[in-house]
1. Could you tell me whether segment 121-136 includes any residue that is within 30 Å of residue 45 (Cα to Cα), in contact (Cβ under 8 Å) with a residue 60 or more places away in the chain and in contact with a strand residue (DSSP E or B) (Cβ under 9 Å, 6 or more places away or on another chain)?
2. Given the criterion under 18 Å from residue 147 (Cβ atoms) and without any contact (Cβ under 8 Å) to a residue 40 or more places away in the chain, identify the matching residue among 24, 32, 77, 89.
3. Yes or no: residue 116 surrounded by 12 or more Cβ atoms within 10 Å (Cβ to Cβ), more than 30 Å from residue 143 (Cα to Cα) and more than 22 Å from the chain's Cα centre (by Cα)?
4. How do the helices (runs of 4 or more DSSP H) wholly within segment 1-99 filter down when requiring 2 or more residues that are surrounded by fewer than 14 Cβ atoms within 10 Å (Cβ to Cβ) and modelled with pLDDT of 90 or more: which remain?
5. Across segment 133-181, which residue is modelled with the lowest pLDDT among those that are surrounded by 14 or more Cβ atoms within 10 Å (Cβ to Cβ) and on the phi > 0 side of the Ramachandran plot?
6. Suppose we filter 14, 32, 53 for residues that are touching a helix residue (DSSP H, G or I) at 6+ places or on another chain (Cβ under 8 Å), outside the structural domain of residue 114 (by TED's automatic domain parsing) and over 18 Å from residue 170 (Cα atoms); which single one remains?
């Protein structure tokens, strides 16, 4: 069994370097049509076309934020109600257990637990302890004037992926990974 940081280092693929944005977009479209997994794309400026093609999807962190917020609200109200039930402190004849002042405690713990769950979800779903910066396929030229496309390959589709990159105008094609962790 490979650990997450070993798996990330051993993924096989081909990196194509492109001079033009249109060639990159056409190559991504062709790769998706032929069933080759597009692992990552690198552009010097934000590209809506590339983002649309990569289909990042919705983040699952929002569910953790919601669960953290609900548990914070329930915990805050339970803490305030339990505390006032244990220590009867009657002030100016007001009821001992009254929900309205306890909402402040519930609100504060909603924010605290929601933020904590969001932070933990960010760490878990972005694999931050196991991600290397910069990424293995990243090259400095991708921040200047070139575009990059990392296609994940298996032993059976390497030739097809290489010909796809070259057919769409890749200036160079580099093999990535394949070694152990």
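1. Yes, segment 121-136 contains at least one residue that is within 30 Å of residue 45 (Cα to Cα), in contact (Cβ under 8 Å) with a residue 60 or more places away in the chain and in contact with a strand residue (DSSP E or B) (Cβ under 9 Å, 6 or more places away or on another chain).
2. Checking each option against the conditions leaves just 32.
3. Answer is no for this residue.
4. Helices (runs of 4 or more DSSP H) meeting the threshold: 21-34, 48-54, 61-86.
5. 177
6. Being touching a helix residue (DSSP H, G or I) at 6+ places or on another chain (Cβ under 8 Å), outside the structural domain of residue 114 (by TED's automatic domain parsing) and over 18 Å from residue 170 (Cα atoms) holds for just one of 14, 32, 53, which is 53.
The values are calculated or read from the model by the stated rules, or taken from the named source; none is laboratory data. Small disclaimer: the values here were computed from a predicted structure and weren't measured. Methodologically, a virtual Cβ is constructed for each residue, glycine included, from the backbone with ideal geometry; neighbour enumeration extends over all protein chains shown.
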